[in-house]
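Asker: I have a structure I would like to understand better, so I am pasting it below and will then ask my questions one at a time.
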Amino acid sequence: MKRKIFLTLAALCCVAATFAEVHIIPRPASVKEGKGAFTLTARTPIVAAGELQNPARLFAQAAARLTKGEMPVVATPAKQAVTLAVDPALASEGYTLSAGKAGVRIVGGSAQGVFYGLQSLLQLAVNGQGRIPAVEIEDQPCMGYRGAMMDVCRYYHPVEDVKRFIDIMALHKLNRFHWHLSEDQGWRIEIKKYPKLTEIGSQRKETIIGLQSRDQSTWKFDGKPHGGYYTQDQIREIVAYAAERYIEVIPEIDMPGHMLGALAAYPELGCRGEGYEVWTRWGISDDVLCAGQEKTFEFVENVLAEVLELFPSKYIHIGGDECPKARWKECPRCQKRMAEEGLKNEKELQSYFMHRVQNYLSAHGREIIGWDEILEGGISKSATIMAWRDQNYGTEAARKGNRVIMTPKWNCYFDYSQTADPEKYETVCNKRYLPLRQVYRLEPYDRLRPEEWANVIGVQCNVWCEYIPNFDNMQPKILPRMAALAETGWALDRKDYNDFLVRLKDFVRTYDYFGYKYADYVFRNIL
Ligand code: ACM
Ligand code: ZN
């Protein structure tokens, strides 16, 4: 009998949680709903001084269609207002939000915390069409690194679309934009010292059509040149745009593999020294940077010197993934280097390569991130590992004391299909199946002891673009899966998939409000 009463109560609580008005993603730490409401209009002032005027203005612009005009941002206290303040006693990214008949007050641990409070307010405003229900929210993220990676190499994506990607990240309270800028299929960052990187390396003559099969005889190409790159001015513009949204941009120059863009421009950097072209197909090229010659390291350091000028980020991503060793095995210079340095095999040569680059960056005050292959052949404890092949690589690295970002492909690769039936619903795409639920399932601390958790600094979703040629294609790939990833990063200690689905139904109204295309068919699959 007791058990029955308990179950009935539990069911009632569930219903209460489900039908409450305050539905925010990622899930706040604490929500207490009150009575009454406050309505935002074009006449509601946003009270914000100093550095809070930036998030205030962004909010006013974002809400303008809802409030039928931009709310004024004022520096002096006002009634019936949205009032912003900072209290350094709060967690730096945390905030409190109190709404009632008298107005809304958001207090952040920093301007960034205020910005996140405003993101929550925006969701409430969209859900209530300007009406904010009375509520007391206390919120802060569980993980410090909440990232998204965009591959702009398989296809060039224009500056405006990169900015929209950043907007979408901000909506999900993500704070690290990992920008994958060099590849076999195109080099995308202007480097003044090496103009051919963009003149030659950013252009390919054509692109394989459709899903690339193993059988080369079936390959067909579109005959259309494809290319593009970001000038240094455009990069500064994007870094500043992201910073206004409290997002740090982490550039990736992928090395020593995935370098055909550079090799096509400067063939002397490869073991064969000639015969390279920017790839028109997908996959992993055997041609990589030659690790046996000093001019390769000079090139890498000169490129990084310009990268460091453009990107103030603490971390620089130096790739390290999928570097076949076939060329190094045949290259007399690489073999000589191995003999001179006492390296037992080519994996150790890769480790030698990564260490040299790491030393250069640490001499310039930066830290490296590398894909989990950098663990092979040895890597120093100060390297941060991005676990992508399997979460186990990250778990092992965290146990050994390296910092880790979890982005295992079976939870975090948003180029994978969202449905078990991609032909029916999706354009050409990677056939691997990664439904929303599986994104949500990521448990970054799995199999780690609590004292090891701090080594896992966060999570990230990755958007590889072999089959994502433009932003229209990209949106339903990242939405709503980014919401699931965001909830793991922000609300790891309070995840609940069923509750998430209820909130998601409201959250997609914010996608609609901004005109973002999301994969609505996932609702048919999961509900
Ligand atoms: C990767 O997917 N090659 C990091
Ligand atoms: Zn070589």
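Asker: Restricting to the range 506-527, and then to whatever is without any contact (Cβ under 8 Å) to a residue 60 or more places away in the chain and either of a type in the set (S, T, N, Q) or out of contact with any helix residue (DSSP H, G or I) (no Cβ under 6 Å at 6 or more places or on another chain) (or both), can you tell me which residue is farthest from Arg437 (Cα to Cα)?
Answerer: Gly515
Asker: While we're on this one: So which of Ala240, Ala305 is surrounded by fewer than 15 Cβ atoms within 10 Å (Cβ to Cβ), part of a helix (DSSP H, G or I) and in contact with a His (Cβ under 9 Å, 6 or more places away or on another chain)? Step through it out loud before you land on a result.
Answerer: Details: Ala240 fails: in contact with a His (Cβ under 9 Å, 6 or more places away or on another chain).
Sole residue among the options that is surrounded by fewer than 15 Cβ atoms within 10 Å (Cβ to Cβ), part of a helix (DSSP H, G or I) and in contact with a His (Cβ under 9 Å, 6 or more places away or on another chain): Ala305.
Asker: Within the range 244-266, restricting attention to residues that are within 16 Å of ligand 2 (Cβ to nearest atom) and in a helix (DSSP H, G or I), which residue is surrounded by the fewest Cβ atoms within 10 Å (Cβ to Cβ)?
Answerer: Leu260
Asker: Looking only at the range 352-408, filter to residues that are hydroxyl-bearing (Ser, Thr, Tyr) and part of a helix (DSSP H, G or I); which one of those is farthest from ligand 2 (Cβ to nearest atom)?
Answerer: Of all residues in the range 352-408, those hydroxyl-bearing (Ser, Thr, Tyr) come to 352, 360, 362, 380, 382, 384, 393, 395, 407.
Narrowing the set further to residues that are part of a helix (DSSP H, G or I) leaves 352, 360, 362, 393, 395.
On the way: Tyr352: 12, Tyr360: 19, Ser362: 25, Tyr393: 27, Thr395: 34 Å.
Ranking the candidates gives Thr395 first.
Asker: Report, by residue number, each residue of the range 285-337 that is in contact with a Gly (Cβ under 9 Å, 6 or more places away or on another chain), farther than 24 Å from Thr384 by Cα and among the aliphatic types (A, V, I, L, M).
Answerer: Listed by number, the list is empty, since nothing qualifies.
Asker: Among the residues of the range 391-435, write down those that are free of Cβ contacts under 8 Å to residues at least 24 places away in the same chain, surrounded by 21 or more Cβ atoms within 10 Å (Cβ to Cβ) and in contact with a Cys (Cβ under 9 Å, 6 or more places away or on another chain).
Answerer: Scanning the range 391-435 gives a single hit, Tyr416.
Asker: Here's another thing I want to ask about it. Just to be sure, is Ala326 free of Cβ contacts under 8 Å to residues at least 12 places away in the same chain and surrounded by fewer than 17 Cβ atoms within 10 Å (Cβ to Cβ)? Talk me through it step by step, then tell me what you get.
Answerer: Details: free of Cβ contacts under 8 Å to residues at least 12 places away in the same chain: no; surrounded by fewer than 17 Cβ atoms within 10 Å (Cβ to Cβ): yes.
Judged against the criteria, Ala326 is not a match.
Asker: Looking at (1) hydrophobic (A, V, I, L, M, F, W, C); (2) crowded, with 16+ Cβ neighbours inside 10 Å; (3) in contact (Cβ under 8 Å) with a residue 24 or more places away in the chain, find the lone condition where Ala387 falls short.
Answerer: (3)
Asker: Follow-up question, since we're still on this one. Tell me which residues, restricted to the range 282-313, are of a type in the set (Asp, Glu) and within 16 Å of ligand 2 (Cβ to nearest atom).
Answerer: Taking the range 282-313 first, the residues of a type in the set (Asp, Glu) are 286-287, 294, 298, 301, 306, 309.
Within the range 282-313, Asp286, Asp287, Glu294, Glu298 meet the criteria.
Asker: Another question about this same structure. I'd like the full set of residues that are surrounded by 18 or more Cβ atoms within 10 Å (Cβ to Cβ) and either of a type in the set (A, V, I, L, M) or within 16 Å of ligand 1 (Cβ to nearest atom) (or both), limited to the range 267-281.
Answerer: Residues satisfying the conditions are Leu269, Val278, Trp279.
Asker: Looking for something within 33 Å of the chain's Cα centre (by Cα), more than 20 Å from Gln232 (Cβ to Cβ), part of a loop (DSSP other than H, G, I, E, B) and of a type outside the set (Gly, Ala, Ser) - is there at least one such residue anywhere in the range 329-350? If you could, list the steps in order and put the result at the bottom.
Answerer: From the range 329-350, those within 33 Å of the chain's Cα centre (by Cα) are 346-350; that's our starting set.
Now narrow it down to the ones that are more than 20 Å from Gln232 (Cβ to Cβ): 346-350.
Applying the additional criterion that residues be part of a loop (DSSP other than H, G, I, E, B) yields none.
No - not one qualifying residue is present in the range 329-350.
Asker: So which of Glu348, Glu373, Glu340 is within 16 Å of ligand 1 (Cβ to nearest atom), farther than 26 Å from Glu199 by Cβ and charged (D, E, K, R)?
Answerer: Result of the check over Glu348, Glu373, Glu340: Glu373.
Asker: If only one of Val307, Val288, Val357 is in contact with a Cys (Cβ under 6 Å, 6 or more places away or on another chain) and modelled with pLDDT of 95 or more, which one is it?
Answerer: Details: Val307 fails: in contact with a Cys (Cβ under 6 Å, 6 or more places away or on another chain); Val357 fails: in contact with a Cys (Cβ under 6 Å, 6 or more places away or on another chain).
That would be Val288, the only listed residue that is in contact with a Cys (Cβ under 6 Å, 6 or more places away or on another chain) and modelled with pLDDT of 95 or more.
Conditions tested, residue by residue: (1) of a type in the set (Ser, Thr, Tyr); (2) closer than 30 Å to Asp215 by Cα; (3) away from ligand 1 (no atom under 16 Å from the Cβ).
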{"position": "Ser285", "(1), (2), (3)": "yes, yes, no"}
{"position": "Glu294", "(1), (2), (3)": "no, no, yes"}
{"position": "Glu301", "(1), (2), (3)": "no, no, yes"}
{"position": "Leu304", "(1), (2), (3)": "no, no, yes"}
{"position": "Glu309", "(1), (2), (3)": "no, no, yes"}
{"position": "Lys314", "(1), (2), (3)": "no, no, yes"}
{"position": "Gly319", "(1), (2), (3)": "no, yes, no"}
{"position": "Cys323", "(1), (2), (3)": "no, yes, no"}
{"position": "Ala326", "(1), (2), (3)": "no, yes, yes"}
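Asker: If Ser182 passes every condition in (1) in contact (Cβ under 8 Å) with a residue 12 or more places away in the chain; (2) of a type in the set (S, T, N, Q); (3) more than 30 Å from Ser351 (Cβ to Cβ) but one, which one does it miss?
Answerer: All conditions are met except number (3).
Asker: Say whether the condition of being aromatic (Phe, Trp, Tyr) and farther than 30 Å from Ser92 by Cα is met by at least one residue in the range 232-241.
Answerer: Keep residues of the range 232-241 that are aromatic (Phe, Trp, Tyr), which gives 241.
Next cut, farther than 30 Å from Ser92 by Cα only: none.
Among the residues of the range 232-241, not one is aromatic (Phe, Trp, Tyr) and farther than 30 Å from Ser92 by Cα, which makes the answer no.
Asker: Moving on to the next point. If you check every pair at least six apart or on different chains, which have Cβ atoms under 6 Å apart with a residue in the range 436-459 that is in contact (Cβ under 8 Å) with a residue 12 or more places away in the chain first and a residue that is assigned to a strand (DSSP E or B) and among the hydroxyl-bearing types (Ser, Thr, Tyr) second?
Answerer: Between residues of the range 436-459 that are in contact (Cβ under 8 Å) with a residue 12 or more places away in the chain and residues that are assigned to a strand (DSSP E or B) and among the hydroxyl-bearing types (Ser, Thr, Tyr), the close pairs are Ile457/Tyr145; Gly458/Tyr145.
Asker: Taking helices (runs of 4 or more DSSP H) that do not extend beyond the range 437-527, which have at least 1 residues that are touching a Lys or Arg at 6+ places or on another chain (Cβ under 6 Å) and either closer than 25 Å to Tyr315 by Cβ or of a type in the set (A, V, I, L, M) (or both)? Step through it out loud before you land on a result.
Answerer: Working: elements: 471-478, 481-491, 497-514, 521-526.
Output list reads 481-491.
Asker: Here's something else I'd like to know. Condition first: within 20 Å of Glu252 (Cβ to Cβ) and not aliphatic (A, V, I, L, M). Now tell me which residues in the range 391-410 satisfy that.
Answerer: So the first thing to find is which residues in the range 391-410 are within 20 Å of Glu252 (Cβ to Cβ), and the list is 393-394, 397, 402-409.
Answer for the range 391-410, where residues must be within 20 Å of Glu252 (Cβ to Cβ) and not aliphatic (A, V, I, L, M): Tyr393, Gly394, Asn402, Arg403, Thr407, Pro408, Lys409.
Asker: Out of the residues in the range 338-351 meeting the condition of being of a type in the set (A, V, I, L, M) and more than 23 Å from Trp388 (Cβ to Cβ), tell me which one is nearest to ligand 2 (Cβ to nearest atom). I'd like the intermediate steps shown before the answer.
Answerer: Pass one, the range 338-351, residues of a type in the set (A, V, I, L, M): 338-339, 343, 349.
After this cut, where a residue has to be more than 23 Å from Trp388 (Cβ to Cβ) as well, the list is 338-339, 343.
Details: Met338: 10, Ala339: 13, Leu343: 13 Å.
Filtering the range 338-351 for residues that are of a type in the set (A, V, I, L, M) and more than 23 Å from Trp388 (Cβ to Cβ), the one nearest to ligand 2 (Cβ to nearest atom) comes out as Met338.
Asker: Residue check, Lys424 against (1) closer than 30 Å to Gly94 by Cα; (2) more than 16 Å from ligand 1 (Cβ to nearest atom); (3) in a helix (DSSP H, G or I); (4) basic (Lys, Arg), all met but one. Which one?
Answerer: Lys424 satisfies every listed condition except (1).
The values are calculated or read from the model by the stated rules, or taken from the named source; none is laboratory data. The structure displayed is predicted, hence computed values, not measured ones. Note: ideal-geometry Cβ built from the backbone for every residue, glycine included; neighbour counts use all protein chains shown.
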